[in-house]
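Engineer: Before anything else, here's the structure in question.
The values are calculated or read from the model by the stated rules, or taken from the named source; none is laboratory data. Keep in mind it's a predicted model, so treat the numbers as computed, not measured. Here the Cβ is made from the backbone with ideal geometry for all residues, glycine too, and neighbour counts use every protein chain on show. For accessibility, only protein heavy atoms count, side chains too; no ligands or nucleic acids. Shrake-Rupley method; radii C 1.70, N 1.55, O 1.52, S 1.80 Å.
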Amino acid sequence: MQNQNSNTSSIQCPCCDSGRIRTLNNGRRTGGAIGAVAGGAAGVSGAMSGVELGVTVGMAAGPVGAAIGGLFGALMGGLIGGSVGGAAGARMGSVVDDTILDNYQCLECGHTFGK
């Protein structure tokens, strides 16, 4: 991900020809957030399998081990789901930034434009 205030030397503003351009990455940020929420929700539903596995493995340590194992399984399911979903959403958002949205903004004149 490029720094929002970085100079993008190969891109110039079509209005004023300035090379002082920043990337907005609105699609990437939005897609990442939506993907994280959706992935977290899917991870929670998948976490039920993690709870079952954690309880089964934790049973060797007794009831406390089963409870801790179940909690750990649920947490891991939610975290992994959110991470994977966020990464996939960010990738899809990058495609939207590059093909649909005006992803660049001139720091001189304020004009926004796409590739």
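Engineer: Per the 1.4 Å probe, what fraction of the accessible area of the chain, in percent, lies on carbon and sulfur atoms?
Structural biologist: 65
Engineer: What is the list of residues in segment 84-113 whose amide nitrogen lies under 11 Å from a point 7 angstrom out from the Cα of SER18, following Cα to Cβ?
Structural biologist: Only 105-112 pass the distance filter.
Engineer: At 7 Å along Cα-to-Cβ for each site, give me the label-to-label distance between ARG29 and MET48 in nm.
Structural biologist: About 3.6 nm separates the two model spin labels.
Engineer: Skip the ligands, DNA and RNA, and give the accessible area per residue of the chain with a 1.4 Å probe, whole Å². Could you put the intermediate results ahead of the total?
Structural biologist: On the way: 6960 Å² over 115 residues.
Per-residue value: 61 Å².
Engineer: Taking only Cα atoms, what is the 0 to 90° angle, nearest 10, from helix 26-58's long axis to the longest principal axis of the chain?
Structural biologist: 10
Engineer: Now for a different question. Using a simple spin-label model with points 7 Å from Cα along the Cα→Cβ vector, what separation in nm is obtained for LEU71 and SER10?
Structural biologist: Once both label points are built, they end up 5.1 nm from each other.
Engineer: Inverting the mean 1/r over all pairs of different Cα atoms, compute the Kirkwood radius of the chain and quote it in Å. List each step's numbers first, then the result.
Structural biologist: Values: mean 1/r = 0.0609 Å⁻¹.
The answer is 16.4 Å.
Engineer: At ARG91 and CYS109, where each label point lies 7 Å from the Cα along Cα→Cβ, what is the point-to-point distance in nanometres?
Structural biologist: Here the answer is 3.7 nm between the modelled labels.
Engineer: Go through segment 110-115 residue by residue and turn each phi into a ³J(HN,Hα) via Karplus (6.51, -1.76, 1.60, θ = phi - 60°); whole Hz please, and just put x for glycine and proline.
Structural biologist: x, 5, 9, 7, x, 5
Engineer: Based solely on its DSSP helices, what 222 nm [θ] is calculated for the chain when runs of n ≥ 4 H residues each add -39,500 (n - 2.57) and the sum is averaged over all residues, nearest 500 deg cm²/dmol?
Structural biologist: -22500 deg cm²/dmol
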